[in-house]
Amino acid sequence: MGKLARNYVRIVDYMSDKVGIVAMALIAAMIGILLLDAVTRNLIRMPLHWCIELAQFTLTAYYFLGGAITLKNNDHVRMDLFYDRLSVKGKAWMDLVTSGCLFFYLAVMLMGSISSLQYAIATGERRFSMWNPSMIPIKGLMTACLALMLLQTISLAIKHTATIRGTSLS
């Protein structure tokens with residue numbers, strides 16, 4: 001593969017790794033938020049109404065941020081009826097086809113998320129609750145993470161193509 005393809009894969013994989021580390025840290029943050037909620041509600045008898053909602057936003061951010069590294073590390077769920085029986089090149093072909101389907105799906109999701117983010121910015125959208133948080137940060141994060149997943153899908157397609165051709169990216 002060409003130098004441009006190798007550099008693209010290296011950079012996108014690096015970004016996915018770093019974003020994945022942030023996702024891992026969010027689990028600890030969510031545990032802290034839920035622990036704070038439990039302590040203030042049960043021990044101090046002063047419930048903080050924003051804790052559960054913030055934990056929900058944190059979990060949502062975790063899922064968004066973990067998408068690209070899940071793709072990169074091949075940790076996603078796969079329906080394995082006959083995939084295991086395929087040769088290495090056969091698996092690469094199957095993965096290349098499914099990467100194309102994933103690319104289409106993520107592109108549609110990205111267009112929808114951009115539209116949703118534009119709406120949130122234009123209207124100052126807030127979640128209707130006691131805490132009333134702005135929806136702009138989580139929708140912005142969703143859009144950025146979908147874009148990274150799209151970039152990671154292209155990286156996967158390059159890797160699968162290299163496998164099919166019998167070339168190395170290193």
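The values are calculated or read from the model by the stated rules, or taken from the named source; none is laboratory data. A quick note: this is a predicted structure, and the numbers were derived from the prediction, not measured. Note that each Cβ is placed from the backbone with ideal geometry, even for glycine, and that neighbours are counted across all protein chains shown.
Computed values, structure above
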read-out: Per-region count, the range 120-163, residues hydrophobic (A, V, I, L, M, F, W, C) and within 25 Å of ASP75 (Cα to Cα); value: 16
read-out: Verdict on ASN74 being at pLDDT 95 or above, loosely packed, with under 14 Cβ neighbours inside 10 Å and closer than 18 Å to HIS160 by Cα; value: no
read-out: Failed condition for PHE82, given (1) surrounded by 14 or more Cβ atoms within 10 Å (Cβ to Cβ); (2) aromatic (Phe, Trp, Tyr); (3) modelled with pLDDT under 95; (4) under 30 Å from ARG165 (Cβ atoms); value: (1)
